[in-house]
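Presented below is the structure to which this report refers.
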């Protein structure tokens, strides 16, 4: 099975929008709220997880085209959230502050899981 060209275009458009939103979030967080902690990445990872939980519930209960699913989940959320940057930030924090590194790891993982739970609950409230 191959992905259709229009599906690849949908993924690319979603990825571009998500990546741009991540860059804007990190840029403005760093500019207006500079801290020695990767707060911008934490924000996009938790926000992306919240959206993913919401979308997961929606596509599990309603008909959504494959292209829209790829656009939102693989494209937009794939571009918005970032595990590799979270991993690099954690590695860099390990070199400067073990406490901040542990805090970063705990907040990203637990915050993202909680955000998915919250996204599902919000969608259930809206659509049921």
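The values are calculated or read from the model by the stated rules, or taken from the named source; none is laboratory data. Nothing here was measured: the structure is a model prediction, and the numbers come from that model. We place every Cβ from the backbone using ideal geometry, glycine too, and count neighbours over all the protein chains shown.
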Exercise. Restrict the check to segment 37-45 and report whether at least one residue is under 14 Å from the mean Cα position of the chain (by Cα), surrounded by 14 or more Cβ atoms within 10 Å (Cβ to Cβ) and within 12 Å of residue 73 (Cα to Cα).
Key: no
Quiz item: Just one of 20, 24, 9, 43 is under 27 Å from residue 127 (Cβ atoms) and modelled with pLDDT of 95 or more; which is it?
Solution: 43
Practice problem: Return the total of residues in segment 39-70 being in contact (Cβ under 8 Å) with a residue 24 or more places away in the chain and in a helix (DSSP H, G or I). | Solution: 22
Quiz item: If residue 97 satisfies every condition in (1) surrounded by 14 or more Cβ atoms within 10 Å (Cβ to Cβ); (2) touching a residue at least 12 places away in the same chain (Cβ under 8 Å); (3) within 26 Å of residue 117 (Cα to Cα) but one, which is the exception?
Solution: (3)
Quiz prompt | Check on residue 116, farther than 18 Å from residue 11 by Cβ and out of contact with any helix residue (DSSP H, G or I) (no Cβ under 6 Å at 6 or more places or on another chain) | solution = no
